[in-house]
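Engineer: Got a structure here, written out as structure tokens. Questions coming.
The values are calculated or read from the model by the stated rules, or taken from the named source; none is laboratory data. Please read all numbers here as calculations on a predicted model, not as lab measurements. Neighbour counts run over all protein chains shown; Cβ positions are idealised from the backbone, glycine included.
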Amino acid sequence: MITARYHREIPQRYRLEAGKCKKCGFIAFPHRLVCPKCKSQDFETIRLSDEGKILTFTIVRVASDKFSKQTPFAVGIVELKEGVKLTTQIADVDVDKLEIGQKVKIVFRKIQEDGKAGILCYGYKAVLI
Amino acid sequence: MVGIVGYGSYLPRYRIKAEVIAKQWGSDPAAIIRGLQLNEKTVPGQDEDTITISVAAARDAVKRANINPQDIGAVYIGSESHPYAVKPSGATLIDALGIGPDVHVASYEFACKAGSEAMYVAYSLVKSGEMKYAMGIGADTSQGAPGDALEYSASAGGAAFIMGKEKVAAEILFTHSYTSDTPDFWRREGEFYPRHAGRFTGDPAYFKHIMGAANAMLEKSKMSPKDFKYAVFHMPNGKFPQEVGKRLGFTKEQLEVGWIVPWMGNTYSGSSPTGLAAILDVAKPGDSIFMVSFGSGAGSDGFIFRATDELPKIQNLGVKLRDMLLNNQIYLNYGEYAKFRHKIKINE
Ligand SMILES: [Zn+2]
């Protein structure tokens with residue numbers, strides 16, 4: 001059962017909610033309680049932009065059971081406009097033509113299914129612009 | 001003035017050609033393509049469903065409306081392929097868009113006309129003064145049984161429309177709905193693929209209901225087909241919308257822009273709504289638009305829209321339907337398509 005954790009992470013997974021330190025401007029994604037730069041605990045909630053670029057990526061050709069029907073697929077580190085980096089699957093792409101530096105857009109996709117009868121988990125993925 | 005203040009559409013990038021499906025089952029591709037007027041259709045990615053398609057379309061609708069999502073008082077998604085049998089698709093969508101939790105959400109079903117139903121109720125709530133904005137969405141990832149005629153048409157896509165009273169881009173002038181108990185097409189609970197009554201889907205179902213709603217709307221509005229710049233009808237294949245348009249007195253030119261089915265397939269609840277989105281992408285202020293949906297079982301919802309001076313200001317704020325339709329396609333062979341659509345039995 002992945003229900004409780006999934007539910008808790010909805011703000012960051014569904015709409016890229018992050019915490020911006022009101023004192024030094026550091027952006028924490030996901031949210032943190034204490035700013036790693038200035039130790040402030042005063043954050044405001046912001047929504048990250050949905051555009052960025054690929055910093056690096058790898059091709060998964062042998063995946064765990066849940067993702068085995070999707071191979072080969074690409075997982076990359078994407079840097080968003082705000083400078084925030086996130087790890088995400090890069091969808092709808094010919095993995096052999098993927099390149100570092102390509103511009104991407106963050107989209108809303110189904111990430112996994114909790115078995116045949118469990119909940120469906122949604123979240124972000126990147127697609128090439 | 002009440003009408004559409006923002007709209008968005010979405011189609012998956014994957015496609016399968018009618019020719020590929022025909023060859024798989026030993027049918028004559030040329031006869032199928034000519035008969036149904038279908039060249040290819042969209043296929044949802046393995047990570048796409050009615051919820052993700054609705055979110056993509058709705059995000060563009062909010063961008064075009066340029067409103068605070070918190071001001072949206074209702075979200076209705078019409079679909080015959082809601083991912084859950086019990087758990088509303090709209091609940092996921094509102095959290096993805098930052099709408100609510102003070103919002104009314106419901107899933108609608110009525111075969112292929114669930115999307116226009118959602119639009120009609122959203123419009124009515126705004127018109128009544130119950131709320132400032134309401135969103136109606138039609139989206140589907142429909143399945144046709146392997147080898148069945150529906151396999152050439154059942155595709156994936158959707159469109160979202162935000163209704164409001166301020167900065168209206170397309171005013172809704174008239175509506176009309178027409179319904180009767182007609183067993184032309186159905187899917188019983190627990191069945192994977194729908195059934196249809198072959199030729200019974202034509203005259204007693206599709207043509208009767210669309211013409212019923214269309215003629216009533218023309219009478220109400222005291223308008224005639226020549227008063228419209230564009231018309232769009234539900235598109236179960238390429239042929240039917242052309243034929244019903246002709247019977248009603250619309251020309252090929254009036255149907256051309258919304259007639260996206262030869263390259264998209266039938267997106268069910270998203271069919272006439274995506275056709276409308278394609279029209280809104282290019283319409284000019286003052287253009288009148290005629291739309292009638294059709295859902296088996298059976299019924300039709302009709303709308304008469306008129307584009308305003310606001311429409312050109314928002315057209316470029318989102319992705320245009322024909323840009324998605326005619327660019328960046330990823331073509332699948334039949335095996336890949338069967339895997340994507342879960343048509344292959346595997347060990348879990
Ligand atoms: Zn700080």
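Engineer: Identify the residue in region B:60-96 that is closer than 29 Å to A:Phe67 by Cβ and in contact with an Asp or Glu (Cβ under 9 Å, 6 or more places away or on another chain) and, among all such residues, is farthest from the other protein chains (Cβ to nearest Cβ). Outline the logic, then answer.
Structural biologist: Within region B:60-96, the subset closer than 29 Å to A:Phe67 by Cβ is B:60, B:77, B:79-96.
Filter once more, so that each one left must be in contact with an Asp or Glu (Cβ under 9 Å, 6 or more places away or on another chain): B:79-83, B:85, B:89.
On the way: B:Ser79: 14, B:Glu80: 17, B:Ser81: 13, B:His82: 11, B:Pro83: 6, B:Ala85: 11, B:Ser89: 10 Å.
Filtering first and then ranking leaves B:Glu80.
Engineer: A further question follows. Only one of (1) surrounded by fewer than 16 Cβ atoms within 10 Å (Cβ to Cβ); (2) away from the ligand (no atom under 13 Å from the Cβ); (3) not assigned by TED's automatic domain parsing to the domain that holds A:Ile129 is not met by A:Thr87, so which one is it?
Structural biologist: Here A:Thr87 meets the rest and fails (3).
Engineer: Mind checking whether some residue in region A:57-64 is within 18 Å of the chain's Cα centre (by Cα) and within 30 Å of A:Gly19 (Cα to Cα)?
Structural biologist: The first filter runs over region A:57-64 and keeps only residues within 18 Å of the chain's Cα centre (by Cα), leaving A:57-60.
Checking which are within 30 Å of A:Gly19 (Cα to Cα) leaves us with A:57-58.
Among the residues of region A:57-64, at least one is within 18 Å of the chain's Cα centre (by Cα) and within 30 Å of A:Gly19 (Cα to Cα), which makes the answer yes.
Engineer: Across region B:15-52, what is the total count of residues that are surrounded by 21 or more Cβ atoms within 10 Å (Cβ to Cβ) and in contact with a Pro (Cβ under 7 Å, 6 or more places away or on another chain)?
Structural biologist: Qualifying residue count, region B:15-52: 10.
Engineer: List the pairs whose first member sits in region A:37-65 and is within 14 Å of chain B (Cβ to nearest Cβ), whose second member is surrounded by 14 or more Cβ atoms within 10 Å (Cβ to Cβ) and in a loop (DSSP other than H, G, I, E, B), and whose Cβ atoms are under 6 Å apart, counting only residues at least 6 apart or on separate chains?
Structural biologist: From region A:37-65, the pairs are A:Arg47/A:Leu16; A:Leu48/A:Leu16; A:Leu48/A:Glu82; A:Leu48/A:Val84.
Engineer: Being within 10 Å of chain B (Cβ to nearest Cβ) and farther than 14 Å from B:Pro12 by Cα is the filter; apply it to region A:87-104 and report the residue that is modelled with the lowest pLDDT. Don't jump to the end; show me each part of the working.
Structural biologist: Just the residues of region A:87-104 that are within 10 Å of chain B (Cβ to nearest Cβ), to begin with: A:89, A:91-94.
When the remaining residues are screened for being farther than 14 Å from B:Pro12 by Cα, the result is A:89, A:94.
On the way: A:Gln89: 97, A:Asp94: 91.
Checking each candidate, the answer is A:Asp94.
Engineer: Next up: Taking only pairs six or more apart or across chains, which ones have beta-carbon atoms under 7 Å, a first residue in region B:294-309 that is surrounded by fewer than 24 Cβ atoms within 10 Å (Cβ to Cβ), and a second residue that is of a type in the set (D, E, K, R) and in a strand (DSSP E or B)?
Structural biologist: Close Cβ pairs (under 7 Å, with a partner that is of a type in the set (D, E, K, R) and in a strand (DSSP E or B)) amount to B:Arg306/B:Glu171; B:Thr308/B:Glu171.
Engineer: With respect to B:Ala216, is the statement that it is of a type in the set (A, V, I, L, M, F, W, C) and in contact with a helix residue (DSSP H, G or I) (Cβ under 7 Å, 6 or more places away or on another chain) true?
Structural biologist: Values: of a type in the set (A, V, I, L, M, F, W, C): yes; in contact with a helix residue (DSSP H, G or I) (Cβ under 7 Å, 6 or more places away or on another chain): no.
It is false that B:Ala216 is of a type in the set (A, V, I, L, M, F, W, C) and in contact with a helix residue (DSSP H, G or I) (Cβ under 7 Å, 6 or more places away or on another chain).
Engineer: Shifting gears a bit: A:Leu33 - would you say it is away from chain B (no Cβ under 11 Å), farther than 25 Å from B:Tyr337 by Cα and either exposed (fewer than 14 other Cβ atoms within 10 Å of the Cβ) or at pLDDT 95 or above (or both)?
Structural biologist: Numbers: away from chain B (no Cβ under 11 Å): yes; farther than 25 Å from B:Tyr337 by Cα: yes; either exposed (fewer than 14 other Cβ atoms within 10 Å of the Cβ) or at pLDDT 95 or above (or both): yes.
Yes: the conditions hold for A:Leu33.
Engineer: Restricting to strands (runs of 3 or more DSSP E) lying wholly in region A:1-81: which have 2 or more residues that are within 16 Å of the ligand (Cβ to nearest atom) and touching a Gly at 6+ places or on another chain (Cβ under 9 Å)? Even if it seems obvious, please write down each step before you answer.
Structural biologist: Values: elements: A:17-21, A:43-47, A:51-60, A:73-80.
Output list reads A:43-47.
Engineer: To continue, here is another question. I'd like to check something: does region B:70-80 contain any residue that is within 20 Å of B:Met131 (Cα to Cα), assigned to a helix (DSSP H, G or I) and touching a strand residue (DSSP E or B) at 6+ places or on another chain (Cβ under 8 Å)?
Structural biologist: Within region B:70-80 (the criterion being within 20 Å of B:Met131 (Cα to Cα), assigned to a helix (DSSP H, G or I) and touching a strand residue (DSSP E or B) at 6+ places or on another chain (Cβ under 8 Å)), the answer is yes, since at least one residue qualifies.
Engineer: A further question follows. Mind checking which residues of region B:88-127 are aliphatic (A, V, I, L, M) and either touching a helix residue (DSSP H, G or I) at 6+ places or on another chain (Cβ under 9 Å) or modelled with pLDDT under 95 (or both)?
Structural biologist: Going through region B:88-127, the residues aliphatic (A, V, I, L, M) turn out to be B:91, B:93-94, B:96-97, B:99, B:103, B:105-106, B:111, B:114, B:118-119, B:121-122, B:125-126.
Scanning region B:88-127 gives B:Leu93, B:Ile94, B:Ala96, B:Leu97, B:Ile99, B:Val103, B:Val105, B:Ala106, B:Ala111, B:Ala114, B:Ala118, B:Met119.
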